[in-house]
Amino acid sequence: MESTTCYRPTKAIINLEAIKENVKSLKEYVGNKTAVIAVVKADGYGHGDVEVARAAIEAGAEMVAVATPEEALRLRGAGIRTGILVLAPSPVSFVKKAARLEITLAVSEADWLEEALQEEKAFENPLKIHIKADCGMGRTGLRDKKALQMLMNVVARSEHVVVDGMFMQFSCADERDRNHTVEQYDRFMELVAVLKEKPRLLHVSNSAGALLYPEFAMDAVRVGIGLYGIAPSAYVEENLPFPLKKALTLETELSFVKHLEKGSTISYGSTYQSSEAEWIGTIPIGYADGLQRGLRGQGVLIAGERAPIVGTICMDQCMIKLPKEMNVGEKVTLIGKQGAEEVRVEEWAERLDTIAYEIPVLLTKRVPRVYSN
Ligand SMILES: Cc1ncc(COP(=O)(O)O)c(C=O)c1O
């Protein structure tokens, strides 16, 4: 529940039970030889990193993954005891602390590791690493056998580093065409063949990979967007092996209601003019909350009906055209369900010409996250 009193009614309600069900369904689907790594970077894709991590672990996730040292430290600080993998490159200055707190780092460069191990005698625990390969994503990671061999030579000279895993990221697993994904997997396996000993965890799949390529599940899958009940793309959604449950609802209440005569203008730039006498409601949510200005015209739900956002969205508020006279305090659902009607994050994403990932991530801190079970 909320840690402080919230006077403003705008809130994101996160259904942790939905997250647990998504983890359980996924575990059942990939089978008990494959671990689930819950990806909770970017504050759990806007849903709350610590709360999502706890829910995912309770449902059976064996490990969590983040993008930055700071995100890993937040989770350890909150008492998360499972393995934590930092997916993006970390600075050498973080290594000693990572070893002490048993935070696993993604490593792909021999020079980086050599420098990181200069202080290895001062490590309180061995440094755990997952080797990061780049098999076609083109972002970070070693790209060939020579680079891998050089990295392994540094590992062999140290007594303070443990190669716990090796991974890469698919770039097109959410698309219909399977060629690039299969090619990436094959390149990964060619690299793995260089290793004298197989690390504990080989993992290649993100949500799209885990859902559409069970044959590439390997020792673990790294699942982000799927945890939150959102499919990585429309193609994946059409081919889901099991239903995903959406965790996010975005709600507020009418804060002001007025009756306008025909021809009245609304908001900055007077971009909306009433074409008849209309009931207009104001809601306390604006672009500083993550309701981007491009969402003008988007429907919200009120009393089980759709009502469009009219006029320019302001920083803290916006206006909606009501189907009839309504009272201040009436519940408004911006993302989620009311009766048979639903507004999905995918609908916002389409209007904004982006992907569904961006929608919860861009809800700002001003919107309190409230947890329900
Ligand atoms: C390396 C890595 N693994 C896994 C994920 C999770 O991806 P998804 O949210 O599509 O499941 C990400 C997210 O971008 C990532 O960067």
Report summary line: For segment 351-365, pairs from a residue that is over 16 Å from TYR287 (Cβ atoms) to a residue that is small (Gly, Ala, Ser), with Cβ under 7 Å and 6 or more apart or across chains, are ILE355/ALA349; ALA356/ALA349
**Report entry** In segment 192-203, the residues that are more than 9 Å from the ligand (Cβ to nearest atom) and either within 19 Å of SER171 (Cβ to Cβ) or in contact with a Phe, Trp or Tyr (Cβ under 9 Å, 6 or more places away or on another chain) (or both)
**Finding:** VAL192, LEU201, LEU202
Report task. State yes or no: is LEU191 assigned by TED's automatic domain parsing to the domain that holds LYS128, closer than 30 Å to LYS337 by Cα and assigned to a helix (DSSP H, G or I)? Result -> no
Query raised in the report: In this structure, is ALA173 within 23 Å of the chain's Cα centre (by Cα), farther than 16 Å from VAL39 by Cα, within 16 Å of the ligand (Cβ to nearest atom) and buried (at least 24 other Cβ atoms within 10 Å of the Cβ)?
Result: yes
Query raised in the report: Which of (1) within 30 Å of GLY60 (Cβ to Cβ); (2) away from the ligand (no atom under 16 Å from the Cβ); (3) assigned to a loop (DSSP other than H, G, I, E, B) does MET218 not meet, given it meets every other one?
Result: (2)
Query raised in the report: Quick one: VAL223 ticks every box in (1) away from the ligand (no atom under 16 Å from the Cβ); (2) in the same structural domain as ASP174 (by TED's automatic domain parsing) bar one, so which box is it?
Result: (1)
Requested in this report: Would you mind stating whether GLY229 is under 25 Å from the mean Cα position of the chain (by Cα), surrounded by fewer than 22 Cβ atoms within 10 Å (Cβ to Cβ) and not hydrophobic (A, V, I, L, M, F, W, C)?
Outcome: yes
**Report entry** Failed item, numbered, when GLY339 is tested on (1) out of contact with any Asp or Glu (no Cβ under 8 Å at 6 or more places or on another chain); (2) without any contact (Cβ under 8 Å) to a residue 24 or more places away in the chain; (3) not aromatic (Phe, Trp, Tyr)
**Finding:** (2)
Query raised in the report: strands (runs of 3 or more DSSP E) wholly in segment 303-359 with at least 2 residues that are buried (at least 17 other Cβ atoms within 10 Å of the Cβ) and on the phi < 0 side of the Ramachandran plot - which ones?
Result: 305-310, 318-321, 331-338
Requested in this report: Please work out which residue is nearest to TRP112 (Cα to Cα), limiting yourself to segment 145-170 and to residues that are in contact with a helix residue (DSSP H, G or I) (Cβ under 7 Å, 6 or more places away or on another chain) and within 13 Å of the ligand (Cβ to nearest atom).
Outcome: MET166
Query raised in the report: Name the residues in segment 94-149 that are within 21 Å of ASP219 (Cβ to Cβ) and aliphatic (A, V, I, L, M), would you?
Result: ILE103, LEU105, ALA106, VAL107, LEU127, ILE129, ILE131, ALA133, MET137, LEU142, LEU148
Requested in this report: Could you please tell me which pairs satisfy a Cβ distance under 6 Å, a separation of 6+ or placement on different chains, a first residue in segment 196-213 that is assigned by TED's automatic domain parsing to the domain that holds ILE129 and closer than 18 Å to VAL39 by Cα, and a second residue that is part of a strand (DSSP E or B) and more than 9 Å from the ligand (Cβ to nearest atom)?
Outcome: LEU201/GLY165; LEU201/ALA220; LEU202/MET166; HIS203/ALA220
Report task. Considering only segment 98-127, state which residues are among the charged types (D, E, K, R) and either within 16 Å of the ligand (Cβ to nearest atom) or surrounded by 16 or more Cβ atoms within 10 Å (Cβ to Cβ) (or both). Result -> GLU102, GLU109, GLU114, GLU120
Query raised in the report: If you go through segment 130-143 one residue at a time, how many are in contact (Cβ under 8 Å) with a residue 12 or more places away in the chain and assigned to a loop (DSSP other than H, G, I, E, B)?
Result: 8
Query raised in the report: Any chance segment 249-269 includes a residue that's crowded, with 17+ Cβ neighbours inside 10 Å, outside any loop (DSSP other than H, G, I, E, B) and within 16 Å of the ligand (Cβ to nearest atom)?
Result: no
**Report entry** Filter result (of a type in the set (A, V, I, L, M), surrounded by fewer than 20 Cβ atoms within 10 Å (Cβ to Cβ) and either within 11 Å of the ligand (Cβ to nearest atom) or at pLDDT below 95 (or both)) within segment 41-67
**Finding:** ALA42, ALA67
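The values are calculated or read from the model by the stated rules, or taken from the named source; none is laboratory data. Just so we're clear, the structure is a prediction, and the values are computed from it rather than from any experiment. Quick reminder, even Gly has a Cβ in these numbers, built from the backbone with ideal geometry, and neighbours come from all protein chains shown.
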